[in-house]
Amino acid sequence: MFIILMAHTPGNFLTSWIPARWGFSDATEIFVFCSGMASAIAFGRGYDRAGWTLATARVGFRVWQVYWAHVGLFFATLALTVALTDSGFGTRNYWGQLNLWPIFVESEKWTNPDILLSFMTLRYVPNYFDILPMYMVVLLLMPIIMALSNVNKWLIGAFVLTVWLFAQKQLLITLGLEQLYIGLPAEPWTDRNWFFNPFGWQLIFFTGFAFMRGWLPKPPVNKLLIGLALFLVIANVPLSNIGVREFGFEWARDWRVANKLLIDKSSFGLLRYVHFMALAYLCWVAAGDKGDRLLPQRAGTFARIWERCLAIILKVGQQSLAVFVVSMFTARLMGFTMDVLGRATVTVLLVNLAGACIMIATTYGAGWFKSQPWRVK
């Protein structure tokens, strides 16, 4: 969540060194994979206890909550960018920076009322606001997955892989099967689709879901698998953004262009999946089962500080929706602050620290409200 905050802050030099620059996968994969695991806990058990119908109703309610979070984030961010643009302190058009021109400028292709209706019906999905719509559609696939699980677990894998395959537009074009492509339109006046195609990204979501449900077994911890995962992660570095930007590997740039369909973020290319799973395996091995190795092994001041930091990080992950929405809003404010105060190293670090504090405050605030302390026990 902290990486997502940094990645969405304009002109943040820390973005040049986040994990996304070192490999094909990035924080989006982490977010979606962990969301799948969390959904297995939050909703999967509901299917076991309450049955398919009631559990599906609960999934629908969650989609309803995410939808209004999406709408609220959009209009709050829109109001903020208008206010920042008109403040007289900034250096640019902040709503234009998000390519929100259709909201303000009418065209022969659209009118303002049409745009608002298209937004509310998810037919207009601006790029900055495309993660939550993707999450909604993936959640709507969950009842299908749970129904298939009652028939045969192999059907789940067949369904997930088939849906993912039909989301690979470039591959389908190459095979002459473009008419089988499944995607969702992001703009009524163009042929642009949602940047995050949910039918591609459901692969990583349901991988996390399957691990948490026990449909996929825990991988063994051995030297062979660790070595293979290390090779995949390290071999990925020269082909990454770092390889091109820092090492000047022009051949890597050419390779990325030639193999775009394998690393495409929109459709969730295959090598993004391979890289993420290798990285996730290494992190899981390093952390230990259930994170046992992350816990302090000895007493002391450092151990207490680390234990407290770990508790905060876990808490942030537990309130992911609230933290994500606030972080996307806060990122625009952070970018504006840097425009006004400058981007000296100390300034950027302090602004990022302030943003992290806002996220932590949001975490504990959301947790407090969810605990319903006003209820009489």
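The values are calculated or read from the model by the stated rules, or taken from the named source; none is laboratory data. Keep in mind that what you see is a predicted model, and the values were worked out from it rather than measured. Because the Cβ atoms are built from the backbone with ideal geometry, glycine has one as well, and the counts that use them run over all protein chains shown.
Would you point out the residue of the stretch 333-349, among those that are under 15 Å from His8 (Cα atoms) and touching a Phe, Trp or Tyr at 6+ places or on another chain (Cβ under 7 Å), that is surrounded by the fewest Cβ atoms within 10 Å (Cβ to Cβ)? That would be Val348. Of all residues in the stretch 350-369, those satisfying the criterion of being surrounded by 13 or more Cβ atoms within 10 Å (Cβ to Cβ) and hydrophobic (A, V, I, L, M, F, W, C) are Leu350, Val351, Ala354, Ala356, Ile358, Met359, Ile360, Ala366. Only one entry of Val125, Val151 meets the criterion of being more than 30 Å from Thr9 (Cβ to Cβ) and outside any helix (DSSP H, G or I), and that entry is Val151.
Taking the criterion of being on the phi < 0 side of the Ramachandran plot and in contact (Cβ under 8 Å) with a residue 12 or more places away in the chain, the residues of the stretch 2-15 that qualify are Phe2, Ile3, Ile4, Leu5, Met6, Ala7, His8, Thr9, Pro10, Asn12, Phe13, Leu14. So is Cys309 loosely packed, with under 14 Cβ neighbours inside 10 Å and more than 22 Å from the chain's Cα centre (by Cα) or not? It is true that Cys309 is loosely packed, with under 14 Cβ neighbours inside 10 Å and more than 22 Å from the chain's Cα centre (by Cα).
Scanning the stretch 182-223 for residues that are closer than 18 Å to Phe268 by Cβ and touching a strand residue (DSSP E or B) at 6+ places or on another chain (Cβ under 9 Å) yields Gly183, Leu184, Ala186, Arg192, Asn193, Trp194. Look through the stretch 164-186, keep the residues that are within 16 Å of Arg123 (Cβ to Cβ) and out of contact with any Phe, Trp or Tyr (no Cβ under 6 Å at 6 or more places or on another chain), and return whichever of them is surrounded by the fewest Cβ atoms within 10 Å (Cβ to Cβ). Checked the stretch 164-186; the qualifying residue surrounded by the fewest Cβ atoms within 10 Å (Cβ to Cβ) is Pro185. In the stretch 15-29, the residue that is modelled with the lowest pLDDT out of those that are surrounded by fewer than 22 Cβ atoms within 10 Å (Cβ to Cβ), in a helix (DSSP H, G or I) and under 13 Å from the mean Cα position of the chain (by Cα) is Ala20.
All conditions in (1) surrounded by fewer than 19 Cβ atoms within 10 Å (Cβ to Cβ); (2) under 25 Å from Gly288 (Cα atoms); (3) in contact with a helix residue (DSSP H, G or I) (Cβ under 6 Å, 6 or more places away or on another chain) hold for Asn236, with the sole exception of (1). Checking each residue in the stretch 66-76 for being in contact (Cβ under 8 Å) with a residue 60 or more places away in the chain and more than 17 Å from the chain's Cα centre (by Cα) picks out Gly72, Ala76.
If you check Lys315 against the conditions, is it surrounded by fewer than 19 Cβ atoms within 10 Å (Cβ to Cβ), modelled with pLDDT under 90 and either under 19 Å from Phe129 (Cβ atoms) or touching a Gly at 6+ places or on another chain (Cβ under 9 Å) (or both)? It is true that Lys315 is surrounded by fewer than 19 Cβ atoms within 10 Å (Cβ to Cβ), modelled with pLDDT under 90 and either under 19 Å from Phe129 (Cβ atoms) or touching a Gly at 6+ places or on another chain (Cβ under 9 Å) (or both). If the condition is being in a helix (DSSP H, G or I) and under 24 Å from the mean Cα position of the chain (by Cα), then the stretch 159-198 contributes Phe159, Val160, Leu161, Thr162, Val163, Trp164, Leu165, Lys169, Gln170, Leu171, Pro198.
One residue is enough: does the stretch 124-136 have a residue meeting the conditions modelled with pLDDT of 90 or more, surrounded by 15 or more Cβ atoms within 10 Å (Cβ to Cβ) and farther than 30 Å from Met37 by Cβ? Scanning the stretch 124-136, I find at least one residue that is modelled with pLDDT of 90 or more, surrounded by 15 or more Cβ atoms within 10 Å (Cβ to Cβ) and farther than 30 Å from Met37 by Cβ, so the answer is yes.
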